[in-house]
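Here's the structure, in structure tokens; my notes come after.
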Amino acid sequence: MEWKWKAILDMTPLLKSSRYCLLRDDGKELHVLTLGTNRLSWRAVECCIPHCSSGKWICISGVLYYIATESGPSSGESMVVCFDLRSEKFSSVTLLGGFNKALPHSTTMINYNGRLGLLMSSENSGYASRSCKSFKLWVLRDAATLEWSKRVYVLC
């Protein structure tokens, strides 16, 4: 089977070097090339979290976040997969509270004051745009305790 790969370049100033990542679309493998060092070599980092990536990602403070769908026993549920560029370790954040089992495809990931934000609307097929009268912003307050805050913005 031939896999699709997504290329991600991280230029996080917190790290003394930049990283170029290739993520396989089934989420099982990530290849990392560290730039700004004397040795240029690709490293494969395997992920033990069964998932398929959605292709939406954002890098905030040295952590790569992307929306994924679980594969396996709880197949079909949305989650956020995290890859720490410093430690090169994967983790995941379960969506709790007011989230449906599957996030709308239109969900936009944003950097909200250095934290992961998920932006969505109940109008316009879920896309937050100028034509929306309101939108929701979920902010990940603490990944360890899965604490999310929700803000609803109503536009006049």
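Given H placed on each backbone N at 1.01 Å, which residues far from residue 51 in sequence or on other chains put an amide H within less than 5 Å of it?
Answer set, sorted by chain and number: 71.
Among 105, 31, which comes first, then next, by fewest other beta-carbon atoms within 10 Å?
105, 31
Taking the beta-carbon count within 10 Å as an exposure proxy, list 45, 152, 63 from fewest neighbours to most.
152, 45, 63
Take residue 111 and residue 149, extend 7 Å from each Cα along the Cα→Cβ direction, and tell me the distance between the two endpoints in nm.
1.9 nm
Computed from the coordinates by the stated procedures, all read-outs in this text should not be read as laboratory data. Keep in mind that this is a model prediction, so the values were computed, not measured. Note that each Cβ is placed from the backbone with ideal geometry, even for glycine, and that neighbours are counted across all protein chains shown.
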